[in-house]
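**Q** I'd like to ask some things about the structure below.
The values are calculated or read from the model by the stated rules, or taken from the named source; none is laboratory data. As the structure is a computational prediction, the values presented were derived from the model and not from experiment. Note: ideal-geometry Cβ built from the backbone for every residue, glycine included; neighbour counts use all protein chains shown. To get the accessible areas, we keep the full protein, side chains included, count just its heavy atoms, and leave off ligands, DNA and RNA. Shrake-Rupley method; radii C 1.70, N 1.55, O 1.52, S 1.80 Å.
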Amino acid sequence: MTHFPPPVEIPPTAGLPAQWRDLLALSGNLAAGLARYLAIPPPALTCSGTAALIVALRVLQQRLPGRTTLIVPAYTCPLVALAVHFCPPLRVVPCDLAPGGIDLDAGQLASLCDEHTLAVLVTHLAGRVADVDSALAITAKAGAAIIEDAAQGMGALDDGRSVGLKGDIGFFSMALGKGLTTAEGGVLFSSDPELNQALHRQCRQDLKFSLSWELRRTVELWGYTAFYRPRGLYYVYGKPLRRALSRGDLVAAVGDDFEIKNIPLHSLGHYRRRVAAGALARLPGFLQQGCERALLRVALLRQVTGISVVTDSPGKQGTWPFILLLMPDNKTRDAAMDSLWTSGLGVTRLFIHTLAGYPAVTPFLQPGSPFPNAQALATRGLSISNSPWLSDRMFATILARLQAALG
Ligand SMILES: *Cc1c(COP(=O)(O)O)cnc(C)c1O
């Protein structure tokens, strides 16, 4: 069935809208621009956030030889677990989250972190700023490193400085939909100058130019520019979403169906860097407006009994690609999704499962402890887009449907 004009489809996250003139980029230095805007050391640029993590792990493996485990939040992007495939013999140990939030559970982390631990991944999930200080106190004892996964948090501030600087290494993602985009890309850095240099060296060694991947990503970036608008998204996001849901494939519906063979390692081309460098000029204002919009809507959501919104603790100012919330139970969450998932209003689920639920991930998992709070995000969580195209009227519709689902 073809609709014309197509219905409006709000994207699930607040990606920075592209402009045609970005594509004419003849100059611009993305690494320097990011370093200036975020006040971070000159970052290495990679082909993806996952590639940034792989490079970080390889550098740490050289510095902390013999350590074989990576502790990660049990509820996170499956790509971070698949990264260890490229860093043998590394394996993944899932750690539970603190109740109702995205911090690692400090008690469980302390019991999991030992002399085998290479690094702990502290993830600023949903743009929220996770507690790095508590994790640092634990890793310091075990001699392990901290990598801050800020894939969803470019622009987020922790005690007034960019996320990614408290830990040993930090990275951002520039995948489609994650704010600033190069179709796929990553930003990798360390506040330790020597370690930062080592990251740059490892990138030069491991990430070589690939013409085929560069062409493919360039076409995807043009496609983003053409289709990333409310009616264009119906074709590239709305229709595939509905098709996946109608065959009951929830993992495909949210795009969690990652495989090792879809993780290429190559450099980030200079044309795409220039395109993003042009768009970067609009990012600070975009994130600021996003923050104001989200905080107003979070306040409305918090008035609804039964809804628990994931927010930042004092001293932390995250970004708002979407609003992550918990319904009281699985039944009310599923009822809400029944009326909202195909509404075109930008409501979706973040990751469908905990890491243990993905067949591609399980070969790399080392059994740890149970993770009930991570499980709660999978069974009770949902996300509301913070795209500027989601109007107040649309948001009011979402609010009413959430209230109806609560009964
Ligand atoms: C998207 C994401 C990644 C991976 O980034 P890519 O650029 O897609 O490889 C890692 N961690 C989290 C939390 C993510 O959301």
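**Q** State which residue is farthest from the ligand (Cβ to nearest atom) when the search covers only region 110-120 and only residues that are open to solvent by 10 Å² or more (accessible area, probe 1.4 Å) and among the aliphatic types (A, V, I, L, M).
**A** Here is the first cut: in region 110-120, the ones open to solvent by 10 Å² or more (accessible area, probe 1.4 Å) are 110-116.
Right, trim to among the aliphatic types (A, V, I, L, M) and you get 110, 112.
Working: Ala110: 23, Leu112: 19 Å.
It comes out as Ala110.
**Q** For region 243-254, state whether one or more residues are out of contact with any Cys (no Cβ under 9 Å at 6 or more places or on another chain) and within 13 Å of the ligand (Cβ to nearest atom).
**A** To start, the set of residues in region 243-254 that are out of contact with any Cys (no Cβ under 9 Å at 6 or more places or on another chain) comprises 243-254.
Next, from what is left, pick out any that are within 13 Å of the ligand (Cβ to nearest atom): 254.
Yes, that holds for at least one residue.
**Q** Next up: Quick one: which of Ser369, Ser313, Ser343, Ser383 is within 24 Å of Val163 (Cβ to Cβ) and in a loop (DSSP other than H, G, I, E, B)?
**A** Values: Ser369 fails: within 24 Å of Val163 (Cβ to Cβ); Ser343 fails: within 24 Å of Val163 (Cβ to Cβ); Ser383 fails: in a loop (DSSP other than H, G, I, E, B).
It is Ser313.
**Q** Ok, one more. For region 180-220, give me each residue that is open to solvent by 10 Å² or more (accessible area, probe 1.4 Å) and either on the phi > 0 side of the Ramachandran plot or not in a helix (DSSP H, G or I) (or both).
**A** If the condition is that a residue be open to solvent by 10 Å² or more (accessible area, probe 1.4 Å) and either on the phi > 0 side of the Ramachandran plot or not in a helix (DSSP H, G or I) (or both), then Thr181, Glu184, Ser191, Asp192, Leu207, Lys208, Phe209, Ser210 are the ones that fit.
**Q** Take the conditions in contact with a helix residue (DSSP H, G or I) (Cβ under 7 Å, 6 or more places away or on another chain) and more than 16 Å from the ligand (Cβ to nearest atom) and apply them to Pro41. Does it pass?
**A** Numbers: in contact with a helix residue (DSSP H, G or I) (Cβ under 7 Å, 6 or more places away or on another chain): yes; more than 16 Å from the ligand (Cβ to nearest atom): yes.
The answer is yes for Pro41.
**Q** Moving on to the next point. For a quick check of your reading of the model, give me the residue pairs whose first member lies in region 317-345 and is on the phi > 0 side of the Ramachandran plot, whose second is outside any loop (DSSP other than H, G, I, E, B), with beta-carbon atoms closer than 9 Å and at least 6 apart or on different chains.
**A** Once the first residue is on the phi > 0 side of the Ramachandran plot and sits in region 317-345, its partners that are outside any loop (DSSP other than H, G, I, E, B) give Gly344/Leu233; Gly344/Tyr234; Gly344/Gly238; Gly344/Met394.
**Q** Determine whether region 268-277 contains at least one residue that is among the small types (Gly, Ala, Ser) and either in a helix (DSSP H, G or I) or touching a His at 6+ places or on another chain (Cβ under 9 Å) (or both). First the steps, then the outcome.
**A** Initially, region 268-277 is screened for residues among the small types (Gly, Ala, Ser), giving 269, 276-277.
Applying the additional criterion that residues be either in a helix (DSSP H, G or I) or touching a His at 6+ places or on another chain (Cβ under 9 Å) (or both) yields 276-277.
Taking every residue of region 268-277 in turn, at least one turns out to be among the small types (Gly, Ala, Ser) and either in a helix (DSSP H, G or I) or touching a His at 6+ places or on another chain (Cβ under 9 Å) (or both).
**Q** Which residues, taken from region 121-138, are among the charged types (D, E, K, R) and away from the ligand (no atom under 13 Å from the Cβ)?
**A** Hits for region 121-138 are Asp131, Asp133.
**Q** Scan region 150-178 for residues that are acidic (Asp, Glu) and open to solvent by 10 Å² or more (accessible area, probe 1.4 Å) and jot them down. Break it down stepwise before answering.
**A** First pass over region 150-178, keeping only residues acidic (Asp, Glu): 158-159, 168.
Within region 150-178, Asp159, Asp168 qualify.
**Q** Sticking with this one: Which of the residues that make up region 155-178 are part of a loop (DSSP other than H, G, I, E, B) and away from the ligand (no atom under 11 Å from the Cβ)? Steps first, please.
**A** Filtering region 155-178 for residues part of a loop (DSSP other than H, G, I, E, B) gives 155-156, 159-160, 163-168, 174-178.
Across region 155-178, the qualifying residues are Gly155, Ala156, Asp159, Gly160, Val163, Gly164, Leu165, Lys166, Gly167, Asp168.
**Q** Those residues that are open to solvent by 60 Å² or more (accessible area, probe 1.4 Å) and in contact with a strand residue (DSSP E or B) (Cβ under 9 Å, 6 or more places away or on another chain), I need them from region 364-375; list them, please. Full working, then the answer.
**A** In the first step, residues of region 364-375 are kept if they are open to solvent by 60 Å² or more (accessible area, probe 1.4 Å); the result is 366-367, 370, 372, 375.
If the condition is that a residue be open to solvent by 60 Å² or more (accessible area, probe 1.4 Å) and in contact with a strand residue (DSSP E or B) (Cβ under 9 Å, 6 or more places away or on another chain), then Gln366, Pro367 are the ones that fit.
**Q** Out of all the residues in region 326-360, which are of a type outside the set (Lys, Arg), under 19 Å from Leu97 (Cα atoms) and in contact with a Leu (Cβ under 6 Å, 6 or more places away or on another chain)? If you could, list the steps in order and put the result at the bottom.
**A** Initial filter on region 326-360 (of a type outside the set (Lys, Arg)): 326-330, 332, 334-348, 350-360.
Filter once more, so that each one left must be under 19 Å from Leu97 (Cα atoms): 326-330, 350-358.
Listed by number, the list holds a single entry, Ile352.
**Q** Take the conditions farther than 30 Å from Gly407 by Cβ and small (Gly, Ala, Ser) and apply them to Ala336. Does it pass? Walk me through how you get there before you give the answer.
**A** Working: farther than 30 Å from Gly407 by Cβ: no; small (Gly, Ala, Ser): yes.
No, not satisfied.
**Q** Additional query: Determine which single condition Ala198 fails, assuming it passes every other condition in (1) touching a Phe, Trp or Tyr at 6+ places or on another chain (Cβ under 6 Å); (2) more than 16 Å from the ligand (Cβ to nearest atom); (3) aliphatic (A, V, I, L, M).
**A** All conditions pass for Ala198, except number (1).
**Q** Another question, then. If we keep just the residues of region 263-274 that are over 17 Å from the mean Cα position of the chain (by Cα) and within 26 Å of Phe364 (Cβ to Cβ), which is most open to solvent (accessible area, probe 1.4 Å)? Explain how you work it out, then say what you get.
**A** If we filter region 263-274 for residues that are over 17 Å from the mean Cα position of the chain (by Cα), which is where we start, we get 264-274.
If we keep only those that are within 26 Å of Phe364 (Cβ to Cβ) too, we end up with 264-268.
On the way: Pro264: 20, Leu265: 53, His266: 2, Ser267: 24, Leu268: 2 Å².
Once the filter is applied, the top-ranked residue is Leu265.
**Q** When only residues in region 275-313 that are of a type in the set (D, E, K, R) and within 30 Å of Arg21 (Cα to Cα) count, which is surrounded by the fewest Cβ atoms within 10 Å (Cβ to Cβ)? Let's see the steps before the verdict.
**A** We begin by selecting, within region 275-313, every residue of a type in the set (D, E, K, R); these are 282, 292-293, 297, 302, 312.
Adding the requirement that they be within 30 Å of Arg21 (Cα to Cα) leaves 282, 292-293.
Numbers: Arg282: 15, Glu292: 11, Arg293: 19.
The qualifying residue surrounded by the fewest Cβ atoms within 10 Å (Cβ to Cβ) is Glu292.
**Q** Please give the number of the condition His85 fails out of (1) within 14 Å of the ligand (Cβ to nearest atom); (2) surrounded by fewer than 24 Cβ atoms within 10 Å (Cβ to Cβ); (3) within 27 Å of Gly344 (Cα to Cα).
**A** Failed condition: (3).
**Q** Among the numbered criteria (1) out of contact with any helix residue (DSSP H, G or I) (no Cβ under 7 Å at 6 or more places or on another chain); (2) more than 23 Å from Ala137 (Cα to Cα); (3) away from the ligand (no atom under 16 Å from the Cβ), which one does Gly107 miss?
**A** Status for Gly107: all satisfied but (2).
**Q** Specify which of the listed residues (Lys331, Lys316) is of a type in the set (Lys, Arg) and open to solvent by 60 Å² or more (accessible area, probe 1.4 Å).
**A** Working: Lys316 fails: open to solvent by 60 Å² or more (accessible area, probe 1.4 Å).
Of Lys331, Lys316, the one residue that is of a type in the set (Lys, Arg) and open to solvent by 60 Å² or more (accessible area, probe 1.4 Å) is Lys331.
**Q** Suppose we filter Gly143, Gly223 for residues that are open to solvent by 20 Å² or more (accessible area, probe 1.4 Å), closer than 26 Å to Gly346 by Cα and more than 11 Å from the ligand (Cβ to nearest atom); which single one remains?
**A** Working: Gly143 fails: closer than 26 Å to Gly346 by Cα.
Exactly one of Gly143, Gly223 is open to solvent by 20 Å² or more (accessible area, probe 1.4 Å), closer than 26 Å to Gly346 by Cα and more than 11 Å from the ligand (Cβ to nearest atom), namely Gly223.
**Q** Shifting gears a bit: Anything in region 386-405 that is in a helix (DSSP H, G or I) and open to solvent by less than 40 Å² (accessible area, probe 1.4 Å)? List them, or say none. First the steps, then the outcome.
**A** From region 386-405, those in a helix (DSSP H, G or I) are 392-405; that's our starting set.
Passing the criteria: Phe395, Ile398, Leu399, Leu402, Ala405.
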